[in-house]
1. Using the Karplus curve 6.51 cos²θ - 1.76 cosθ + 1.60 with θ = phi - 60°, what ³J(HN,Hα) values do you get for each residue of the range 315-328, in whole Hz, with x for Gly and Pro?
2. So, in Å, what gap is there between the alpha-carbon centers of the range 100-114 and the range 347-379?
3. Under 1.5 on a/c is rounded, so check that first for the chain, then, if it is not, pick prolate when a/b is larger than b/c and oblate when it is not; a ≥ b ≥ c are the square roots of the alpha carbon gyration tensor eigenvalues.
4. Need the full-extension length gain, S359 to T64, defined as separation in residues times 0.36 nm minus the C-alpha distance. One decimal, nm.
5. Helix 198-221 sits at what angle to the longest principal axis of the chain, using alpha carbons and giving 0 to 90 degrees rounded to 10?
6. So how strong a dipole does the chain carry about its Cα centre when Lys and Arg Cβ are +1 and Asp and Glu Cβ are -1, to the nearest 20 debye?
7. Apply the a/c threshold of 1.5 to the C-alpha gyration tensor of the range 95-192 and tell me whether it is rounded, prolate or oblate.
8. Excluding L369 itself, calculate the net charge of residues whose Cβ lies under 13 Å from the Cβ of L369, where each Lys or Arg counts +1 and each Asp or Glu counts -1.
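Nothing in this text is a laboratory measurement; each read-out follows from the coordinates by a stated rule. In this text, all values refer to a predicted model and were calculated from it rather than measured experimentally. All Cβ positions, glycine included, derive from the backbone under ideal geometry; neighbour counts span all protein chains shown.
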Amino acid sequence: MTPKRKQTNENFFEQKQPVRFYKYVALTFLLVTLLLFFVVIFVSAKKATITITVRPDSVEAKETFTIGSSDQKIVGKTEKTTVELKKDFSPQTGKEIESIAVGKITLHNETGLDQALIPTTRLLTPEGILFRMKDRAMVPANGTTIVDVYADKPGRENEIGPSKFSIPGLAQDKQKVIYGTSESMMVGGIRKVGILGDTDLTNAQKDLLAEMQKQGEEKLAKLYPNLIGVYKVLSSDILSDKKVGEEVNNFSLTGKLDLVGFFYDKIEIKNLINKELEKKVVGNSEILSFNDSEPSLNFESYDTSSTIAIVTAGGSGLVSINPESPELAKQMFFGKDKDEVRRYLLSLDHVQAVDIKFSPAWVGTVPALSDHVNVVVKSVE
């Protein structure tokens, strides 16, 4: 039979052990819960922003069209015209030569008798510059008359301003009461003579050619007002009525020009070029943006006998990496550090620079949660 005290101690220890066990279990659960809480906080706090700078590359496309044949790819028309034009020009080069100055003089007669003066009558300024009357004149008594005069010799010095003139051919007493005055300058002592130079002729030919081409284009454009025209000069011939080196005040050019025009629908051409540009794009990895400018068209050749024209159309656009490309999917960066992300992105076409920022600062890899990864794509010209 067990003593009562011993039995009581055994019961006490049996009761105490389960309580301690449950305490350990509770503490362990609490620690695991706290650990999981901190893991969740750690994972949810990790964020990464990846900024990708891309530079678009220019791409070009060309398409050649045959116009005027039965198998032409587009709706197009060709028309031909001939323009003939004559135009006068003045040389810009030249030289100055001495000439006879001319002008008008008012003759005064302060006597009571008419005074007749013959042609070439001399009229002398106080400075000794001599002019002569061009025609016969009658100066009325106590009156005046205006006559044309010319300098006795050529030269710029005869281009004088208003002055008073004596008439040496009259008696001394008459010279005081019969005399001349002028109110305006004498002109023409120096005359500029044009000389047809190589530059004058070349510039005039260019001007005439441009004028003929303009007239031809305007004439052809009226035939197809709803279409766009491209033009080509087939031949031109320009003749001058003067030779280089001749002294001339003006010269005439006579020209003839043959012009052909190709007319097309600009929307149709642009759509065809854009389709060619789209072929430059690589799958879903790239994206294409079209230029707003119209395609450029050029004549390659034209057969005058068959009126068949070969025309080349060209256009351009910009190709860059597609922000929605699978290569830029967030999953591509999970678990990678900065160097791995940078090396990967810089290996892709069009990528110029990469910037990676982690949050918090001590994070070393990209989190494996899409909501915590931000990929930004920006473009530079």
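1. Whole-Hz 3J(HN,Hα) from phi for the range 315-328: x, 9, x, 10, 10, 9, 6, 7, x, 8, 4, x, 5, 10.
2. Spelled out, the Cα-based centre of one part sits 102 Å from the other.
3. Prolate.
4. Here the segment from S359 to T64 would lengthen by 100.6 nm.
5. 60 degrees
6. 2500 debye
7. It comes out prolate by the Cα gyration axes.
8. Around L369, the surrounding residues sum to +2.
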